[in-house]
1. I'd like to know if the stretch 141-152 contains one or more residues that are touching a helix residue (DSSP H, G or I) at 6+ places or on another chain (Cβ under 6 Å), among the small types (Gly, Ala, Ser) and farther than 24 Å from THR306 by Cβ.
2. Picking from GLY320, GLY303, which residue would you name as being under 24 Å from GLN148 (Cα atoms), in the same structural domain as PRO424 (by TED's automatic domain parsing) and either surrounded by fewer than 21 Cβ atoms within 10 Å (Cβ to Cβ) or in contact (Cβ under 8 Å) with a residue 40 or more places away in the chain (or both)?
3. Give the number of residues within the stretch 371-391 that are among the small types (Gly, Ala, Ser) and buried (at least 18 other Cβ atoms within 10 Å of the Cβ).
4. Among the residues of the stretch 316-349, how many are over 21 Å from ALA422 (Cα atoms), of a type in the set (A, V, I, L, M, F, W, C) and assigned to a loop (DSSP other than H, G, I, E, B)?
5. Among the residues that make up the stretch 233-248, is at least one of them modelled with pLDDT under 90, more than 20 Å from GLY435 (Cβ to Cβ) and in a loop (DSSP other than H, G, I, E, B)?
6. Being of a type in the set (Gly, Ala, Ser) and either modelled with pLDDT of 90 or more or not in a loop (DSSP other than H, G, I, E, B) (or both) is the filter; apply it to the stretch 209-232 and report the residue that is surrounded by the most Cβ atoms within 10 Å (Cβ to Cβ).
7. Just for the stretch 84-110: of the residues that are part of a loop (DSSP other than H, G, I, E, B) and in contact with a strand residue (DSSP E or B) (Cβ under 7 Å, 6 or more places away or on another chain), which one is surrounded by the fewest Cβ atoms within 10 Å (Cβ to Cβ)?
Amino acid sequence: MTGPARVVARDWGWRHAGRKAWAVSDLDLVIEPGERVLLLGASGAGKSTLIHALAGVLGGADEGESHGSLLVDGVAPEQARGRIGLVLQDPDSQVILSKLGDDVAFGCENLGVEREEIWRRVVSSLQAVGLDLPLDHPTSALSGGQKQRLALAGVLAMQPSLLLLDEPTANLDPIGVAEVRDAVARVVDDGSSTLVVIEHRVDVWRDLMTRVVVLDADGGVLADGPPSVVLDDVGRRLADAGVWVPGIPLGLPPRRMVQPSAAVLTTSDLTIGRLRSQSVQEHLDLDVPERAATVVVGPNGAGKSTLALTLAGLLPELAGTVDAARGLAGGIGPRPIRWKSTELLTRIGTVFQDPEHQFVAATVRKELGVALQALRWTRAAIDERVSEVLDALGLAALAEANPFSLSGGQKRRLSVATVLVARPAVLVLDEPTFGQDRLTWLSLMRLLHLELERGATIVSVTHDPGVIEHLGDHRIRLESRSAAGRAA
């Protein structure tokens, strides 16, 4: 095994094909072997672009253009791929094989590691990330958070000299966050890897890091130094630039806890699951109160996303029913699963866990117009409403960009915008704040509060403490695979 890698950027920058603005520009940065760097910056500052460049996966000239130089141990990242491990924002994009053990072993096999050593690494890596499942467990049956742990296990098994993590705990429950953080700590404690982490949960990683680097959205570096210096001395300035800094108040009043009132959605003896042969929750008797904000919380794999899709009429019940109140159904029948897509548009809008699963148009502006066209709005009304939502979510400058070319945080805001644009009575949001910086998080929360004021009902699947505090009027907790949900 080789030693930890050294990273050097000299006046480096990258611009994606078809975009006028540079994703990263004028970057001068040296990361010494064995350093542990927390990479921060506002949404769209280029954090993921830099991580992808260091991993050698940005692509060639047809994908974009670069200036300056970026080297890992003196060579281009593309020439050092076998020594670099990358965990992406989207764990689905890193699931390769159908069985859990085979997926973790894949990277080691490509590196030519001996068979016995491969399986020793597979077992130890799965233990390190707390993914306690059989090696033949199907990867298709994993939750989003479990897939995130799987991706990290596959990278850890390769024993990289440069470990790159892009939001590695974004979809994990609090126990999973601690397990992943501790797993990474064990890997880097011996000094065999250089670590670069992009993460909005600064407080989780702060004590593990030797250095904090903040990218400036206008190019270059905004701040660089030991965590105590960067976060404590210039914390307020960083917060104003969109960086999450522990201890600085958000300035939003907490929502009130409410007792369930009239229910807009009701479940009766409900059993849910993605596969007919495999239920994840049974005997759920739940009420979603009307004109209030409900959060769905619980550990990874408990079925939170599955429940959200079932409530939204997008996934059939395995047993029992989901029924809509008469005021929501409006004469088309109480069962959302039987509603047509155009009937759902203004009644229940859904934001998926993976934002890319709901993009269908070539530009951001056209994406926001899809639902309104289906509702037969006039062109003038569509243009006015789309512009309003673009401005509200800070996406106006990206109106003509391809949705798939956006950063992770921008994709998440766009996915929320595609639902908000049609003003549905009920919003079902799966991890709505994933990938957001402090400023975009606040703008999104304020917009959702306005939706509540207009009389909307919001259901959010989340691990985000801020969402629980500010959108947690009512709470549904799913405890385990076989336990029923309970409201709080």
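1. Looking for residues that are touching a helix residue (DSSP H, G or I) at 6+ places or on another chain (Cβ under 6 Å), among the small types (Gly, Ala, Ser) and farther than 24 Å from THR306 by Cβ, one finds none in the stretch 141-152, hence no.
2. GLY303
3. Total satisfying the criteria: 1.
4. Going through the stretch 316-349 one residue at a time, the tally reaches 1.
5. yes
6. ALA223
7. SER98
Here is a yes/no grid of residues against (1) surrounded by fewer than 21 Cβ atoms within 10 Å (Cβ to Cβ); (2) out of contact with any strand residue (DSSP E or B) (no Cβ under 8 Å at 6 or more places or on another chain):
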site	(1), (2)
PRO134	yes, yes
ALA153	no, yes
LEU165	no, no
ILE175	yes, yes
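The values are calculated or read from the model by the stated rules, or taken from the named source; none is laboratory data. These numbers were taken from a predicted model, which means no experiment stands behind them. As a convention, Cβ positions derive from the backbone with ideal geometry for all residues, glycine included, and neighbour counts pool all protein chains shown.
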